[in-house]
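None of the figures in this text is laboratory data; all of them are computed from the coordinates on show. Since the model is a prediction, treat every value here as computed from it, not as a measurement. So basically every Cβ, Gly included, is an ideal-geometry build from the backbone, and we count neighbours across all protein chains shown.
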Amino acid sequence: MVKGVLLAGVILIGALAAGGADVRPRPDPRPGGPAVAVFNMAAVMRDFGKAKYNVHVLAKKRDVMTADLKGWRAEYAKMQEEFNFANDPTAKEAIRQEMTELHRKIEEESRKIDKVLNDEASTTITKLYSDIKGVVDATAAAGGYRLVLAYPDAVTDEEKRNPYLHELKLKPPAAQPFYVHPDVDVTAEVTRRLNAAHPPLDDKGQKVDVSRLPPAPPPGPPAAKRD
């Protein structure tokens, strides 16, 4: 589904941004300071206003585009009930044909909607990656870091107790820090720079107060795809 695609894209951003060091010559790291820094991509995406607003806009658009589908699915469920209780073979066959046609209509419309929204999600992910990459480069240059790594991890205390996240950390697709010293954690700095350089703007160019948006759902296993 589209949200899954966007969330998968966010993980992709984390992987790509892990190589966010600028290739231009840079001064040596601060004397005695670390040459490597890390940031929690999940925390950045949670507090990056533009990312939160883009996800909200995409979800609202999906709600609008799928309004007819909800009605058609309710109609299909009603037909299913009528089919189960029908005794006349002729009537039963007529209902079956109507159900087949409606199912085909639902599937076709779902594919169209998913394509539109997935294309928009891909565009959004590309723009977010560009924003994050630029800010990480600037943060690395300002701090004299030779390497900046991104990793996804729990943000809230509730998430830190989530067994699903524990399982993911025991099966990392790449290097996953089990301990990060505050001196090398630039999550807050990356988030601050992102919000300052790329504030969330609506279609009229007005800044959006993302604190008023609905909270994102907690992390968990991907939902089963609906037929």
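So here's what we get for this one:
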quantity	calculated
Extension reserve of the GLU98-HIS181 stretch, reckoned as 0.36 nm per residue once the Cα distance is removed	23.6 nm
Under 24 Å from LYS60, Cα to Cα: lysines that are on another chain or at least 8 residues apart	LYS3, LYS50, LYS52, LYS70, LYS105, LYS112, LYS115, LYS127, LYS204, LYS207, LYS225
VAL64 versus LEU147: modelled label distance in nm, points set 7 Å from Cα along the beta carbon direction	4.6 nm
The range 62-210 - charge dipole about Cα centre, Lys and Arg +1 at Cβ, Asp and Glu -1, debye rounded to 20	460 debye
Pairwise FRET efficiency - TRP72 versus ARG192, Cβ, R0 = 41 Å, nearest 0.05	0.35
